[in-house]
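Read through the structure below, which is laid out as structure tokens, and then see the notes.
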Amino acid sequence: MTLTLLFVIIGLALIFDYIGGFHDAANAIATIVATKVLSPFQAVLWAAFFNFLAYWVFGFGVADSVAKTAHTMDINLVVILAGVIAAIIWNLFTWWFGIPSSSSHTLIGGFAGAAIAHAGINVVNWYNAGKPGEVPSGILVVIGFIVLAPVIGAVLSYFISIWLLYSSKKSIWPKLFTICLMIATSWFIYSQMLFYHEIKAPRFESHFLSVALEPHNIKWLLVAFIILSVSFFCLIFSSLNQTQSTAWLRKMQLLSSASFSLGHGGNDSQKVMGIIAAAVVVYIHTSGVAMESLPTWLHVALPSKGPNGEEIAGQMPTWIPLACYGAIAAGTLSGGWKIVKTMGSKITKVTPFEGVTAETAGALTLYFTEHFKIPVSTTHTITGSIIGSGLTKGVSAVKWGVTVKLIWAWVLTIPVSAVLAALVYYLLSAFIH
């Protein structure tokens, strides 16, 4: 029975990942569809490809954070099953009504709500201070980023928009600023790179390939590519006429939407990976079976600390990330057109200029939060970025009535998912022992 439950959870988690793909497809394609750079079908193909490509770019930091939403030694598989079912229900409800709520917060809220119903409020990992120099973790941090993620996206988007606007003028100062930013970006990325002697398990005999294709380095090289590409455009912007600048911006939207789709795939797929990993760990714990006696595809261990405080690396078989990235890519291919309409036109009028600035800001926000292992909402991030870009045209350019409704959906997602998951848990507990 326990093993059957595990299979059911894995199946439903992948279904949730698929639903999250078409529910959140709007995040990655709304602006590129609204500006008619790509047709809806071309846009979902583009986004789905980069969703799956994220498998080779991102690690498992966010997955670990989600897996540790509740203390896995104090829950059972019914808790995780209830959380996933509640998350699916809320995602389908918000998709049906075209509300761009957060799949991430739905899943975390459902997991936490079912865990509390099972073992009380202390079973949830509310707050961990983390090691010196690291960002804290826990549910309270995730809740904090309901506000911080869209604010960061909005501030970045507003800054990039102002930078582009000033660069369009025939003045030396924007160009000097751009050159300084390019130098600072190159120095920062160089400082973040892992070189051959620092890579624990080089993947190639070639030193160059091992460094260039190390997932940690790919992410930072992408950040550099995004910033330096926008910088190059800023250097030539003032020499272009309106037709030429619009053509350049439309081409740049392909880059910015691809970058955001990479971040979307890396961020959201990891949350489902975390749920599946937690389910396998709980199965091993509750069944009393030693992991070594299980087939290798069930050899899952969360990162932990040894008796002397040493870091013990986690373990995740390849099929879990491959299945999760495949499911979200398939979901994105299905689209979520009601939400695309909300994101692409109802918040503010989106042109290629707003598309580039919003998607670039959203992608950078997702890359940095993933680096710090913080599970954030791609929905909140891109919405904040669209608002930030719209603000450069004046406060009245943003349709605040629609925005307030979105914020209510954000605020309600975690508590509603938690209550729903608790009710599902009590119902399941009456039939599953």
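The values are calculated or read from the model by the stated rules, or taken from the named source; none is laboratory data. Just so it is clear, the model here is predicted, and its values are computed rather than measured. Please note: Cβ atoms are built from the backbone with ideal geometry, for glycine as well, and neighbour counts cover all protein chains shown. Remember, those area values only see protein heavy atoms, side chains included, never the ligands or the DNA or RNA. Shrake-Rupley method; radii C 1.70, N 1.55, O 1.52, S 1.80 Å.
Couple of notes before you dig in:
- A single member of Leu262, Leu298 is surrounded by fewer than 23 Cβ atoms within 10 Å (Cβ to Cβ) and at negative phi, and it is Leu298.
- Selected residue [over 24 Å from Ala48 (Cα atoms) and touching a residue at least 60 places away in the same chain (Cβ under 8 Å)] from Ser238, Ser261: Ser238
Matching residues to (1) in contact (Cβ under 8 Å) with a residue 12 or more places away in the chain; (2) in contact with a Leu (Cβ under 7 Å, 6 or more places away or on another chain); (3) open to solvent by less than 10 Å² (accessible area, probe 1.4 Å); (4) not hydroxyl-bearing (Ser, Thr, Tyr):
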site	(1), (2), (3), (4)
Lys251	no, no, no, yes
Ile275	yes, yes, yes, yes
Ala278	yes, no, yes, yes
Ala290	no, no, no, yes
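- Scanning the stretch 68-96 for residues that are within 18 Å of the chain's Cα centre (by Cα) and not in a helix (DSSP H, G or I) yields Lys68, Thr69.
- When the residues of the stretch 1-41 are filtered to those that are more than 19 Å from the chain's Cα centre (by Cα) and among the small types (Gly, Ala, Ser), the one that is surrounded by the most Cβ atoms within 10 Å (Cβ to Cβ) is Ala34.
- For the stretch 122-144, a residue qualifies if it is at pLDDT below 80 and buried (at least 19 other Cβ atoms within 10 Å of the Cβ), and exactly one does: Ser137.
- Selection of first residues in the stretch 24-39 that are part of a loop (DSSP other than H, G, I, E, B) and of a type in the set (D, E, K, R) and of second residues that are open to solvent by less than 10 Å² (accessible area, probe 1.4 Å) and at pLDDT 70 or above, restricted to Cβ pairs under 7 Å at least 6 apart or on distinct chains, gives an empty result.
- Residue count, the stretch 151-209 (criterion: open to solvent by less than 90 Å² (accessible area, probe 1.4 Å) and among the basic types (Lys, Arg)): 1
- Scanning the stretch 216-227 for residues that are touching a residue at least 40 places away in the same chain (Cβ under 8 Å) and open to solvent by less than 40 Å² (accessible area, probe 1.4 Å), we see that the one that is farthest from the chain's Cα centre (by Cα) is Ile227.
- The set of residues in the stretch 228-248 being open to solvent by less than 10 Å² (accessible area, probe 1.4 Å) and either modelled with pLDDT under 90 or in contact with a strand residue (DSSP E or B) (Cβ under 6 Å, 6 or more places away or on another chain) (or both) is empty.
- Yes/no for Gly109 being in a helix (DSSP H, G or I) and either in contact (Cβ under 8 Å) with a residue 60 or more places away in the chain or among the hydrophobic types (A, V, I, L, M, F, W, C) (or both): yes
- Under the condition of being at pLDDT below 80, among the hydrophobic types (A, V, I, L, M, F, W, C) and over 20 Å from Ala418 (Cα atoms), the residues counted in the stretch 48-95 number 1.
- Every test in (1) outside any helix (DSSP H, G or I); (2) farther than 22 Å from Val376 by Cα; (3) among the hydrophobic types (A, V, I, L, M, F, W, C) is passed by Ile99 save one, and that test is (2).
- Residue in the stretch 42-56 that is on the phi > 0 side of the Ramachandran plot and open to solvent by 10 Å² or more (accessible area, probe 1.4 Å) present: no
- Residues of the stretch 185-205 include none that is within 30 Å of Ala279 (Cα to Cα) and assigned to a helix (DSSP H, G or I).
- Of the helices (runs of 4 or more DSSP H) lying entirely inside the stretch 327-423, those carrying at least 3 residues that are at pLDDT 85 or above are 352-371, 378-390.
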